[in-house]
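Here is the structure we will look at.
The values are calculated or read from the model by the stated rules, or taken from the named source; none is laboratory data. Remember, it's a predicted structure, so these values are computed and weren't measured experimentally. Positions of Cβ are backbone-derived with ideal geometry, glycine not excepted, and every protein chain shown enters the neighbour counts.
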Amino acid sequence: MVAVPVPAQAVAVADQLNVQTRAAEDNSKLILLDMKILYILPVLFLFTLSASAQNEEDALRFSRIVPFGSARVTAMGGAFTALGGNLTTLSMNPAGIGVFRKSEFSFTPMMDFAHAKTKGIDNEKNMFIMSNAGLVLSFSPNNRILKNFNVGFNYSTLNNFNRNIFQGYYETDGNSSLANVWKEEADGKSPQQLNDFTTGLAYDAYMLYLSKEAIENKDYNYENPIRETDQLQHYKYTRERGFQGEYAISLGGNLSDKFYFGATLGIQSLHYKSYSVYTEEIIGKDITNKLEKFSMYQDFTSSGTGLNFKAGFIFRPIPAIRIGAAIHTPTYYNLDAFAQNNVSAKFSELPVEDAEPKPGFEYGWTAYTDYSYKLKTPWRVMAGVAIVLGQRAIISGDYEYVDYTAAKFTNDDAKNEYLETNNAIKDIYKATHNFRAGAEFRLNSVFCLRGGYALSASPYKKGEMNEDNDIQIYSGGLGVNLGSFYADASYMHKKSDINGLFYYYEAPSGVIESPEFNTKFKNNEFRLTLGFRF
């Protein structure tokens with residue numbers, strides 16, 4: 001991996017800064033994979049300089065899933081562990097495939113309206129995606145015990161990462177600035193020893209400075225243009241895109257209409273892209289200060305595939321009661337990543353006397369790298385009970401256990417590269433107990449109404465900033481059953497909130513941190529499932 005200067009332009013929230021690059025000083029310099037890459041997270045501890053290429057928030061992002069899929073499952077809060085007979089269950093409890101008595105094909109398009117609000121500023125991102133699509137082939141072997149044997153193929157969207165986030169505006173004095181973090185990190189190091197993705201970029205943008213005399217005398221006590229008396233305005237824009245989906249290949253059967261079993265090979269596809277701009281603008285300063293504002297741009301992409309295995313059963317001791325359970329192995333991902341950082345600064349005149357003049361007095365530098373890594377997500381265990389009241393009503397409840405401390409990063413080339421990150425996963429996260437409940441009431445043989453609720457408990461330990469980071473889901477819908485054809489519609493409202501910092505650094509002189517923000521996330525999702533039995 002090589003850090004090289006490249007032309008870069010990025011759109012900031014308030015203005016567009018034309019990023020200028022300097023001439024290359026060492027294009028052949030290799031950046032080892034254990035280089036500390038600064039990657040701005042969308043929500044928490046965004047500028048932690050000790051973070052490695054991947055961090056604990058990435059592990060959580062790709063491990064915390066809500067596989068609702070079809071409109072019927074969504075409307076009933078996802079509580080289908082003990083029910084089955086729906087293509088979505090291939091990625092939940094594979095035993096649900098054994099409940100099918102006929103072959104079936106269905107697909108579920110979805111509209112998602114995603115909102116992110118901070119300090120009353122609401123950003124929306126609307127998306128049309130395929131939530132679920134699949135096929136089950138049912139075979140009747142004419143056996144008194146094995147009533148039917150089924151094979152299924154299905155795709156379900158597990159995570160939709162698409163959203164726009166604006167966090168600001170926050171005002172501080174000059175004691176709270178990312179530039180002060182850069183100075184603490186850089187002091188005592190020569191310019192050649194600076195981190196190519198953080199302090200090195202700040203140095204090239206004149207956010208850190210050493211005079212020629214200081215360099216000659218090896219006096220590496222850096223200057224930065226932020227002063228204690230400055231009044232700063234902090235804000236950040238993040239644009240996230242991508243998805244996490246699963247292709248399920250399943251088989252299962254029905255024994256005497258009492259015991260249903262199934263197994264699934266899951267092939268997951270993941271693509272995540274984040275573009276962010278963090279800006280500090282000086283809104284009140286001494287007239288001798290030449291800095292107007294500076295920004296840090298970050299572009300990050302991660303994509304790849306993973307494999308897992310699932311197995312489960314559903315037991316019906318009496319016609320009105322169904323009991324189900326399933327276990328999911330970890331998903332083992334092989335992922336490729338690309339990261340690009342840029343720091344740019346705009347001055348009212350030359351930042352220092354020996355600076356090279358640039359158009360508009362804008363200075364900046366870009367570094368990028370690509371690398372590969374592996375991620376193992378946690379095991380999942382779920383159990384459910386459902387009550388089926390004849391042909392009139394269904395009441396269902398699910399419990400799910402996920403231990404997020406079991407997530408782990410590895411890399412073939414540097415076995416200990418992610419030691420700090422994996423330790424942070426164990427320190428910050430915990431095991432969670434998630435719940436889902438749903439009900440269905442059949443008005444007649446054609447029409448039915450549904451409702452549900454789900455709680456994905458916070459994965460953060462008590463005492464952490466986001467210990468209350470629960471995701472709550474409210475849902476409802478209706479269905480039309482015409483025998484060989486059926487249609488289901490659902491609405492789901494998902495909400496959560498998270499607290500975060502733009503930067504956090506523990507310096508010998510004390511902690512340097514940004515103002516704390518709170519962002520509220522809301523998703524309104526509409527699904528329509530069309531299905532055919534044959």
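Could you tell me how many of the residues in the stretch 85-98 are in a helix (DSSP H, G or I), closer than 18 Å to E400 by Cα and not hydrophobic (A, V, I, L, M, F, W, C)?
5
All but one of (1) modelled with pLDDT of 90 or more; (2) within 15 Å of the chain's Cα centre (by Cα); (3) part of a loop (DSSP other than H, G, I, E, B) hold for A82; which doesn't?
(2)
Answer yes or no as to whether E184 is surrounded by fewer than 21 Cβ atoms within 10 Å (Cβ to Cβ), in contact (Cβ under 8 Å) with a residue 40 or more places away in the chain and not in a strand (DSSP E or B). Steps first, please.
Working: surrounded by fewer than 21 Cβ atoms within 10 Å (Cβ to Cβ): yes; in contact (Cβ under 8 Å) with a residue 40 or more places away in the chain: yes; not in a strand (DSSP E or B): yes.
Against the criterion (surrounded by fewer than 21 Cβ atoms within 10 Å (Cβ to Cβ), in contact (Cβ under 8 Å) with a residue 40 or more places away in the chain and not in a strand (DSSP E or B)), E184 qualifies.
Here are A439, A424, A489: which of them is among the aliphatic types (A, V, I, L, M), within 22 Å of M130 (Cβ to Cβ) and either surrounded by 19 or more Cβ atoms within 10 Å (Cβ to Cβ) or in contact with a helix residue (DSSP H, G or I) (Cβ under 6 Å, 6 or more places away or on another chain) (or both)? Outline the logic, then answer.
Details: A439 fails: within 22 Å of M130 (Cβ to Cβ); A424 fails: within 22 Å of M130 (Cβ to Cβ).
The match here is A489.
Okay, residues lined up against (1) within 25 Å of S70 (Cα to Cα); (2) touching a residue at least 12 places away in the same chain (Cβ under 8 Å); (3) out of contact with any strand residue (DSSP E or B) (no Cβ under 7 Å at 6 or more places or on another chain); (4) surrounded by 18 or more Cβ atoms within 10 Å (Cβ to Cβ):
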{"site": "G245", "(1), (2), (3), (4)": "yes, yes, no, yes"}
{"site": "L265", "(1), (2), (3), (4)": "yes, yes, no, no"}
{"site": "Y275", "(1), (2), (3), (4)": "no, yes, no, yes"}
{"site": "G284", "(1), (2), (3), (4)": "no, yes, no, no"}
{"site": "I287", "(1), (2), (3), (4)": "no, no, yes, no"}
{"site": "T305", "(1), (2), (3), (4)": "yes, yes, no, no"}
{"site": "I323", "(1), (2), (3), (4)": "yes, yes, no, no"}
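Among the residues of the stretch 385-421, count how many are surrounded by fewer than 15 Cβ atoms within 10 Å (Cβ to Cβ), of a type in the set (K, R) and either closer than 15 Å to G324 by Cα or modelled with pLDDT of 95 or more (or both).
Qualifying residue count for the region: 0.
Could you tell me whether N175 is surrounded by fewer than 21 Cβ atoms within 10 Å (Cβ to Cβ), touching an Asp or Glu at 6+ places or on another chain (Cβ under 8 Å) and not in a helix (DSSP H, G or I)?
Working: surrounded by fewer than 21 Cβ atoms within 10 Å (Cβ to Cβ): yes; touching an Asp or Glu at 6+ places or on another chain (Cβ under 8 Å): yes; not in a helix (DSSP H, G or I): yes.
Judged against the criteria, N175 is a match.
Could you tell me how many of the residues in the stretch 217-273 are among the small types (G, A, S), under 36 Å from the mean Cα position of the chain (by Cα) and either more than 26 Å from D336 (Cβ to Cβ) or in a loop (DSSP other than H, G, I, E, B) (or both)? Please lay out each step first, then the result.
Taking the stretch 217-273 first, the residues among the small types (G, A, S) are 242, 245, 248, 250, 252-253, 256, 262-263, 266, 269.
So of that shortlist, the ones also under 36 Å from the mean Cα position of the chain (by Cα) come out as 242, 245, 248, 250, 252-253, 262-263, 266, 269.
If we keep only those that are either more than 26 Å from D336 (Cβ to Cβ) or in a loop (DSSP other than H, G, I, E, B) (or both) as well, we get 250, 252-253, 262-263.
Of the residues in that region, 5 qualify.
Of all residues in the stretch 408-467, which are among the aliphatic types (A, V, I, L, M) and part of a strand (DSSP E or B)?
Hits for the stretch 408-467 are A431, A437, A439, L449, A454, L455.
Within the stretch 274-308, work out how many residues are among the aliphatic types (A, V, I, L, M), at pLDDT 95 or above and either within 24 Å of T331 (Cβ to Cβ) or outside any strand (DSSP E or B) (or both).
Number of matching residues: 1.
Can you confirm whether T366 is among the polar types (S, T, N, Q) and either surrounded by fewer than 18 Cβ atoms within 10 Å (Cβ to Cβ) or farther than 21 Å from N93 by Cα (or both)?
yes
Filter the stretch 101-141 for residues that are more than 30 Å from I498 (Cα to Cα), surrounded by fewer than 18 Cβ atoms within 10 Å (Cβ to Cβ) and not aromatic (F, W, Y) and give the result.
Correct list: R101, K102, S103, L135, L137, S140, P141.
Go over the candidates E246, E228 one by one and state the one that is over 30 Å from P317 (Cβ atoms) and at pLDDT below 95.
Residue meeting the stated conditions: E228.
Every residue in the stretch 197-240 that is on the phi > 0 side of the Ramachandran plot and touching a Ser or Thr at 6+ places or on another chain (Cβ under 8 Å), please.
If we filter the stretch 197-240 for residues that are on the phi > 0 side of the Ramachandran plot, which is where we start, we get 206, 218.
Matches in the stretch 197-240: K218 only.
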